[in-house]
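Quick notes on the structure that follows.
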Amino acid sequence: MIARRFFNTPAFGWKSSFSELERIRQEMERLSKGVEEEEARPGRMAGVFPALNLSENKENYYVRAELPGLETEDLSIQADGKSLSISGEIKPQPGETVKYHRRERQTGKFSRIIDLPDAIDLDKIVAGLNNGILTVTLPKSETHKPRQITVS
Amino acid sequence: MSESKEMQVRNKQEAASAAEQTKPGVIFTPAVDIFETEESIFLIGDMPGVKNEDLTIDLRDNTLTLSGDVSLPEADDEKVLLYEYGIGRYYRQFTLSEVVDQEKIDATLKNGVLHLTLPKAERARPRQIEVKAQ
C-alpha cells in the first residue's frame, strides 16, 4: 500500500523530524537535570526513627539526626566495629491533664542501628547534641584514609 | 509512667508559602502542641537546628508568626552519602482567637524546642459570674 500524505503537515518532512528529535533530546536533557536537582531532596527512607543524614569528608564520617526535645541523659550511642546504634527517649513535656488544642509533636522511644562504612577509629568517636540536632563524628581509621601520593 | 510508644519516622511537612520566597530553599512547618489554661495559651514547637538569634516570633493583629532560620550543618568539604531528612527554614502562622497580653509573652528555646507562653489579657480571661437568687 502506498502511504499518501493528505495534508502538507511539516511534521512528516525530513527536516522537521530532525527538529523533532532535537526537541526530544532537549526534553530528555531537561528531565535528567530535573532528576539531578531532585537529589537535593530527601531520598529513600529506612522507615526507622530517627531519619539520618550521613556525609563524609577526608577525615570523618558524620551522622546527623533531628531529635528535638531530647535530653543528653536520655540518649545512648553505641558503636562496635560494624555498626552504630542510636537509641533514646524523647519525654513528653507537661502532665497529661491539660487539654490539647493541637498535638502534632512526637514523643516516645526510638532505636536505630546503622551499618558503619568501613574502618572507623572507635576510640575517637565524638557525639554532640546541639539545638536538637545530634551529630556523631566518626573519624576514619588511619589505615583507611586516602593518602596523597606524590609522583616522583 | 506507662510504657511509652515507639517513635515513627514522619516526613517533615513542607510549607506552602503565600508569597514567593526571595531566598531559595525548602520551608518546613514545625510540628506544634498547643494547649490552654485559664491564664495562658502555651505553644510548644519542634524547630531543631534553630539558634536563639535566628528565631523570630511576631504577633500583630492576632496573627502569630513563627519563623526560624536554619544553617546547613554540613561543612563545604563534606559529601552527602545518605539524605533522609530535609533541612530548611521553619515558618508557621497562627490566628489567635483571644486577646494576648503582648508585654508578657515568654519564649524559650531549648534543645531545638520552642516553648511559648502567651498570657491572656485581663479582659479575655473567663470570669465567674455569680447568679443571685431572687
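The values are calculated or read from the model by the stated rules, or taken from the named source; none is laboratory data. This is a predicted model, so every value here is computed, not measured. Cβ placement follows ideal geometry from the backbone for every residue including glycine, while neighbour counts extend to all protein chains displayed. Please note that ligands, DNA and RNA were not included when accessible areas were found on the heavy atoms of the full protein model with its side chains. Shrake-Rupley method; radii C 1.70, N 1.55, O 1.52, S 1.80 Å.
Restricting A:Gln93, A:Gln148, A:Gln78 to residues that are surrounded by fewer than 13 Cβ atoms within 10 Å (Cβ to Cβ) and outside any strand (DSSP E or B) narrows the list to A:Gln148. Taking each residue of the stretch A:61-83 that is free of Cβ contacts under 8 Å to residues at least 12 places away in the same chain and looking for partners that are of a type in the set (Ser, Thr, Tyr) and in a strand (DSSP E or B) with beta-carbon atoms closer than 9 Å, six or more apart or interchain, yields A:Gln78/A:Ser85; A:Gln78/A:Ser87.
The set of residues from the stretch B:103-113 being assigned to a strand (DSSP E or B) and crowded, with 17+ Cβ neighbours inside 10 Å comprises B:Leu109, B:Val113. Of all residues in the stretch A:116-129, one or more are open to solvent by 100 Å² or more (accessible area, probe 1.4 Å) and free of Cβ contacts under 8 Å to residues at least 12 places away in the same chain.
Inspect the stretch B:79-93 for any residue being over 30 Å from A:Asp74 (Cβ atoms) and more than 10 Å from chain A (Cβ to nearest Cβ) and give the result as yes or no. Scanning the stretch B:79-93 turns up at least one residue that is over 30 Å from A:Asp74 (Cβ atoms) and more than 10 Å from chain A (Cβ to nearest Cβ). Of all the residues that make up the stretch A:96-108, how many are basic (Lys, Arg), closer than 22 Å to B:Lys110 by Cα and open to solvent by 70 Å² or more (accessible area, probe 1.4 Å)? Residues that pass the stated criteria total 2. Restricting attention to the stretch A:109-129, the residues that are touching a helix residue (DSSP H, G or I) at 6+ places or on another chain (Cβ under 9 Å) and under 12 Å from A:Ile77 (Cα atoms) total 1. Annotation: of all residues in the stretch B:64-102 being loosely packed, with under 13 Cβ neighbours inside 10 Å and in a strand (DSSP E or B), the one that is nearest to the chain's Cα centre (by Cα) is B:Thr95. Among residues of the stretch A:132-152 that are within 25 Å of A:Ala65 (Cα to Cα), those with a Cβ under 8 angstrom from a residue that is of a type in the set (S, T, N, Q), sequence gap 6+ or separate chain, pair up as A:Gly132/B:Asn111; A:Thr137/A:Asn60; A:Leu138/A:Asn60; A:Pro139/A:Asn60; A:Lys140/A:Asn60.
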